[in-house]
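Undergrad: Below is a structure I'd like to ask you about.
The values are calculated or read from the model by the stated rules, or taken from the named source; none is laboratory data. Model, not experiment: these values are computed from the prediction. Ideal geometry is used to build each Cβ from the backbone, glycine not excepted, and the neighbour counts take in all protein chains shown.
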Amino acid sequence: MNAVQEEASNPIIRAENLSKVYAAGRIMVAAVRDVSFEVKRGEFVAIVGPSGSGKSTLFYLLGGLTRASEGKVVIDGVDFASLSDADRTRLRKNRIGFVFQKFNLLPTLSAMGNIEIAYTVSGRKEPMDRKYLEHLSDLLSIRGRLEHRPSELSGGEQQRVAIARALITRPSIVLADEPTGNLDTKNSDAVLKMLVRSNQELGQTTLMITHNPEAAAIAGRILHMRDGEIIKIEKGLGQLGTAAGQHLPAQDGTVSAV
Ligand code: ADP
């Protein structure tokens, strides 16, 4: 195996015996318990589970937004815990694009302004690639909406602008936390389609947290969480299913070990 092949076959994300315990007063809450899994480069993985199952905590751990109580998160061969706060922030800015349930667009700026400011804040030295922004705008069907402020856009359009904002720095990983949580079915379907399309066309690895099994089905692989643990891993459709009768392929069965 040559160096290029070896890099491509290494997992881009590795969670190893990951645990997070919160102290809520005198009570300790184990939000994530001994979770291990790997994500391959370019994969689209959904993490699904009911409220309180530990999805957000896992998201924060994978994004380097909080420290693990035990275990580790390895991004592209680099252990988050081994880094200083400044280096962890740098790794996050260079490699990860975040999409949240709340679009968090700045209300006084246009869609374009929101994307530009995100690029500036990322600290990239080279100027923003306008051609790439045009490509993203076409991919996300927001080309005609870039001069509008968030209040002039539908929820779905706002979320697609937020996705463009996350993608403009060409992150190798996109972490999306309930990206369709604030959207109606039509807008939600459009956003999910765009996430799949950008994953397939731009090749970044995508991890999406959701409590909605239908949304999760668009992923290539679905990790089911319950009480802080991954209880099942199954194959997804890899695309948006038809409304009538979604049939998931047979389950993989066991949770794959690291
Ligand atoms: P989900 O995203 O699946 O709803 P969370 O990761 O938000 O799950 O929460 C998992 C568990 O951890 C829940 O029992 C929740 O109450 C608890 N929890 C989450 N954040 C905190 C915190 N900052 N302090 C204490 N407990 C927390």
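Undergrad: Can you go through Y22, Y60 and tell me which one is aromatic (F, W, Y) and either over 25 Å from R226 (Cα atoms) or under 15 Å from the mean Cα position of the chain (by Cα) (or both)? Give the steps one after another, and end with the answer.
TA: Values: Y22 fails: either over 25 Å from R226 (Cα atoms) or under 15 Å from the mean Cα position of the chain (by Cα) (or both).
Only one candidate qualifies: Y60.
Undergrad: For the stretch 22-46, what are the residues that are of a type in the set (V, I, T) and near the ligand (Cβ under 9 Å from one of its atoms)?
TA: At the first step, the residues of the stretch 22-46 found to be of a type in the set (V, I, T) are 27, 29, 32, 35, 39, 45.
Result: I27, V29, V32.
Undergrad: So which of S151, S141 is in a loop (DSSP other than H, G, I, E, B) and more than 30 Å from G52 (Cα to Cα)? Step through it out loud before you land on a result.
TA: Working: S151 fails: in a loop (DSSP other than H, G, I, E, B).
That would be S141, the only listed residue that is in a loop (DSSP other than H, G, I, E, B) and more than 30 Å from G52 (Cα to Cα).
Undergrad: Right, next: For the stretch 60-72, give me each residue that is touching a Leu at 6+ places or on another chain (Cβ under 6 Å) and either touching a residue at least 60 places away in the same chain (Cβ under 8 Å) or part of a loop (DSSP other than H, G, I, E, B) (or both).
TA: If the condition is that a residue be touching a Leu at 6+ places or on another chain (Cβ under 6 Å) and either touching a residue at least 60 places away in the same chain (Cβ under 8 Å) or part of a loop (DSSP other than H, G, I, E, B) (or both), then G63, A68 are the ones that fit.
Undergrad: Let me ask you something else. Against the definition (touching a residue at least 12 places away in the same chain (Cβ under 8 Å), out of contact with any strand residue (DSSP E or B) (no Cβ under 8 Å at 6 or more places or on another chain) and not hydrophobic (A, V, I, L, M, F, W, C)), how does R226 come out, yes or no?
TA: Working: touching a residue at least 12 places away in the same chain (Cβ under 8 Å): yes; out of contact with any strand residue (DSSP E or B) (no Cβ under 8 Å at 6 or more places or on another chain): yes; not hydrophobic (A, V, I, L, M, F, W, C): yes.
In short, yes.
Undergrad: Quick one: would you say L91 is under 19 Å from the mean Cα position of the chain (by Cα), free of Cβ contacts under 8 Å to residues at least 40 places away in the same chain and not in a strand (DSSP E or B)? Lay out the reasoning, then the answer.
TA: Numbers: under 19 Å from the mean Cα position of the chain (by Cα): yes; free of Cβ contacts under 8 Å to residues at least 40 places away in the same chain: yes; not in a strand (DSSP E or B): yes.
Here the answer is yes, as L91 does meet what is asked.
Undergrad: Considering (1) more than 16 Å from the ligand (Cβ to nearest atom); (2) closer than 24 Å to A162 by Cα; (3) of a type in the set (K, R); (4) surrounded by fewer than 18 Cβ atoms within 10 Å (Cβ to Cβ), say which one K102 fails and leave the rest.
TA: For K102, the failing item is (1).
Undergrad: I'd like the full set of residues that are surrounded by 15 or more Cβ atoms within 10 Å (Cβ to Cβ) and touching an Asp or Glu at 6+ places or on another chain (Cβ under 8 Å), limited to the stretch 8-20.
TA: P11, I12, I13, R14, A15, L18, S19
Undergrad: Hey, among the residues in the stretch 79-98 that are among the hydrophobic types (A, V, I, L, M, F, W, C) and surrounded by 15 or more Cβ atoms within 10 Å (Cβ to Cβ), which one's nearest to the ligand (Cβ to nearest atom)? I'd like the intermediate steps shown before the answer.
TA: Of all residues in the stretch 79-98, those among the hydrophobic types (A, V, I, L, M, F, W, C) come to 80-81, 83, 86, 91, 96, 98.
Pick out the ones that are also surrounded by 15 or more Cβ atoms within 10 Å (Cβ to Cβ) and you get 80, 83, 91, 96, 98.
Numbers: F80: 18, L83: 22, L91: 22, I96: 18, F98: 15 Å.
Among them, the one singled out is F98.
Undergrad: Give just the number: which of (1) modelled with pLDDT of 95 or more; (2) of a type outside the set (K, R); (3) more than 15 Å from R226 (Cα to Cα) does V32 not satisfy?
TA: Status for V32: all satisfied but (3).
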